[in-house]
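The values are calculated or read from the model by the stated rules, or taken from the named source; none is laboratory data. Since the structure is predicted, the reported quantities are computational estimates derived from the model, not experimental observations. Counting neighbours? That spans all protein chains shown, and the Cβs are built from the backbone with ideal geometry, glycine included.
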Amino acid sequence: MCSQNCLSHTTGEKQIRKWIEPMRTQFRKLEEYYAVFLASLKSSMHYKTDIALSLIFRISTALLLIFVWTVIFASSGANSLNGLTLPFVYAYFFLVAAMSLFISSEVHITMQDDIREGTIASSLVRPVNYITQLVLNSFGDMFIFIIFIGIPILIIGLLLAHVSVSPTTALLFVGEIILGNIFLFILMFLIGMAAIYFTHIWGLSWVAYAVIGLLGGAVLPLNFYPSAVQNIIFLTPMPMVFYTPISTLLGTISMQSAANSMIVTLLWIIPFAALVSYLWNRARKNITSAGG
Amino acid sequence: MFDQIKENIMYLLISQKYKWLSFLTYRLQAFVWIVASSFNVIYPLVTITVIYSISSGIAGWSYYQLIFLAATASAAMGMAWYFADASNIIDGLLYGSADKIFTRPYGLLTLLMVEYGDVIAAPTIIGAIALMAFAALHLQLSAQLLLYYLVLLSLGTIAYAMFLLMLTALAYKYFRRGTFIWRMVNFIGEASNYPISAYGFVVAGLFSTVIPIGFAYYYPSVLLFGGFNATLFYGSAVFCIAISVACYKAFYLLMRSYTSAKG
């Protein structure tokens with residue numbers, strides 16, 4: 001009787017362990033992820049002056065553009081230009097300033113430094129996957145800036161346009177930011193990989209940021225471009241970085257357009273991610289580190 | 001003294017040759033840099049073109065005048081960047097690469113220009129000049145005014161470059177980080193795409209005094225398009241010289257606090 005009970009007890013325990021073990025492993029993994037994120041967060045917290053200066057210069061840049069657009073609207077004597085009124089243009093540039101923090105990706109710089117200084121060798125053998133480390137580091141770096149700069153600027157922007165955001169719009173906005181970030185991360189990861197072959201990748205990242213700035217809507221709302229140009233731009237994932245999330249928040253594009261833009265971005269992300277993954281697996285073999 | 005100046009100029013010129021050779025060694029990388037640097041000119045061109053296609057633009061400025069103004073700003077900022085990249089200088093001071101150059105028998109300014117000037121600014125300058133030429137074809141410019149413009153542009157660019165140098169030494173002494181400088185340069189770059197008169201009294205005043213960028217692009221352009229104004233020309237010239245000398249002196253004074261990064 002006892003032996004049977006003991007046996008069933010042991011079997012039950014084994015069963016429970018079988019369930020718990022993967023959960024514990026996952027939990028341990030989460031702890032590791034949290035540690036990487038926390039380290040990155042602590043490092044960003046050191047640069048308080050940077051945070052303050054970043055806030056000042058971002059708001060100042062948005063204010064400059066507000067001055068310029070006020071003059072442009074006044075000179076034209078129009079209430080709206082290509083469907084955008086002046087308060088929306090004000091809000092747009094404030095939201096661009098905020099968005100540049102939500103989508104900030106310094107992945108390529110981390111990769112370049114890791115490759116040039118040889119620290120990639122130790123990063124690759126850490127228990128947390130290298131790509132996950134990059135994602136967590138990137139998020140850790142962004143977190144403080146989002147909390148202390150991004151959200152306040154975002155609120156200013158919304159107040160300027162007198163826009164109230166519904167929960168659905170907020171959710172859509174978050175989803176778009178996530179998609180935009182995934183696209184940007186993959187792009188910057190690709191550029192970061194170029195550090196294996198180039199001595200410096202600043203030039204490449206500069207070109208990428210410039211193109212995203214122009215085609216993503218950071219320099220001007222995409223409504224202002226000629227419709228033929230807009231049609232081409234909307235076939236790319238670029239609008240998802242700035243224009244689509246901002247326009248969703250301001251309510252200047254329909255849910256249908258936002259959904260279409262998300263689908264287009266996803267259609268780009270999937271093959272792009274597969275390509276980058278394939279290239280990364282090949283490129284890792286070419287990584288040599290100083291001293292090893 | 002003239003011999004010393006001659007030696008410094010010769011050193012600067014010879015170093016340019018080697019900098020270019022070194023830059024062009026990695027051809028693909030050089031090409032990427034050229035494309036990247038050209039965006040400093042493409043940006044204002046696209047922005048201004050779009051603005052004028054949907055509106056009547058900025059009052060008092062025609063499309064080509066505004067293109068010329070933005071190109072002037074790109075050229076001035078490109079020149080300052082070509083001869084002394086503030087971010088490079090501060091990195092050199094902080095991480096020790098400046099130690100080895102300060103022992104060379106040339107003036108501090110020459111050494112900084114040789115070591116920390118950035119040839120990748122050249123495409124910006126060339127692009128800006130091309131854009132100016134394109135705009136000039138559609139503007140009837142007087143040769144005499146062009147000469148005054150060039151004098152003011154040169155003086156303004158020197159004043160702006162000296163201001164950046166002074167700011168670099170200031171950032172080195174008090175912040176020990178260069179991010180402040182590049183954030184400011186980015187901000188100035190964004191601002192200089194448009195006339196400072198668009199920014200209202202406070203910002204226009206700031207760009208005409210504390211941050212002398214107005215003298216590197218706005219006032220020369222006003223002189224060129226608005227006709228000769230003796231007060232504007234001589235006043236700006238005197239102010240540029242005064243600010244250049246003051247920033248140069250302040251830079252030397254601040255650099256006295258330089259200690260080797262290696263101990």
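Scanning the stretch A:146-182 for residues being small (Gly, Ala, Ser) and surrounded by 13 or more Cβ atoms within 10 Å (Cβ to Cβ) gives a total of 5.
Taken as a whole, the structure leaves A:Ile131 outside the set of residues that are more than 26 Å from A:Tyr225 (Cβ to Cβ), surrounded by 15 or more Cβ atoms within 10 Å (Cβ to Cβ) and in contact (Cβ under 8 Å) with a residue 40 or more places away in the chain. Filtering B:Thr72, B:Thr103, B:Thr110 for residues that are in a loop (DSSP other than H, G, I, E, B) and more than 10 Å from every other protein chain (Cβ to nearest Cβ) leaves a single hit, B:Thr103.
Condition check ((1) modelled with pLDDT under 90; (2) crowded, with 18+ Cβ neighbours inside 10 Å) across all residues:
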residue: A:Val207; (1), (2): yes, yes
residue: A:Asn231; (1), (2): no, no
residue: A:Leu235; (1), (2): no, no
residue: A:Met240; (1), (2): no, yes
residue: A:Pro245; (1), (2): no, yes
residue: A:Ile263; (1), (2): no, no
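Among the residues of the stretch A:220-256, write down those that are without any contact (Cβ under 8 Å) to a residue 60 or more places away in the chain and among the hydrophobic types (A, V, I, L, M, F, W, C). Within the stretch A:220-256, A:Leu220, A:Leu222, A:Ala228, A:Val229, A:Ile232, A:Ile233, A:Phe234, A:Leu235, A:Met238, A:Ile253 meet the criteria. Just so you know, in the stretch B:86-118 the residues that are of a type in the set (S, T, N, Q) and touching a Gly at 6+ places or on another chain (Cβ under 9 Å) include one that is surrounded by the fewest Cβ atoms within 10 Å (Cβ to Cβ), and it is B:Ser87. Scan the stretch B:40-61 residue by residue and report those that are under 16 Å from B:Ala135 (Cα atoms), polar (S, T, N, Q) and either more than 7 Å from chain A (Cβ to nearest Cβ) or in contact with a strand residue (DSSP E or B) (Cβ under 7 Å, 6 or more places away or on another chain) (or both). B:Thr49 - this is the single residue of the stretch B:40-61 that is under 16 Å from B:Ala135 (Cα atoms), polar (S, T, N, Q) and either more than 7 Å from chain A (Cβ to nearest Cβ) or in contact with a strand residue (DSSP E or B) (Cβ under 7 Å, 6 or more places away or on another chain) (or both).
Taking the stretch A:265-287 as the search range and keeping residues that are surrounded by fewer than 11 Cβ atoms within 10 Å (Cβ to Cβ) and either within 30 Å of A:Asn223 (Cα to Cα) or touching a helix residue (DSSP H, G or I) at 6+ places or on another chain (Cβ under 9 Å) (or both), which one is modelled with the lowest pLDDT? Per the criteria, the residue is A:Asn286. I'd like to check something: does the stretch B:12-32 contain any residue that is charged (D, E, K, R), part of a helix (DSSP H, G or I) and within 14 Å of chain A (Cβ to nearest Cβ)? Yes, the conditions are met somewhere in the stretch B:12-32.
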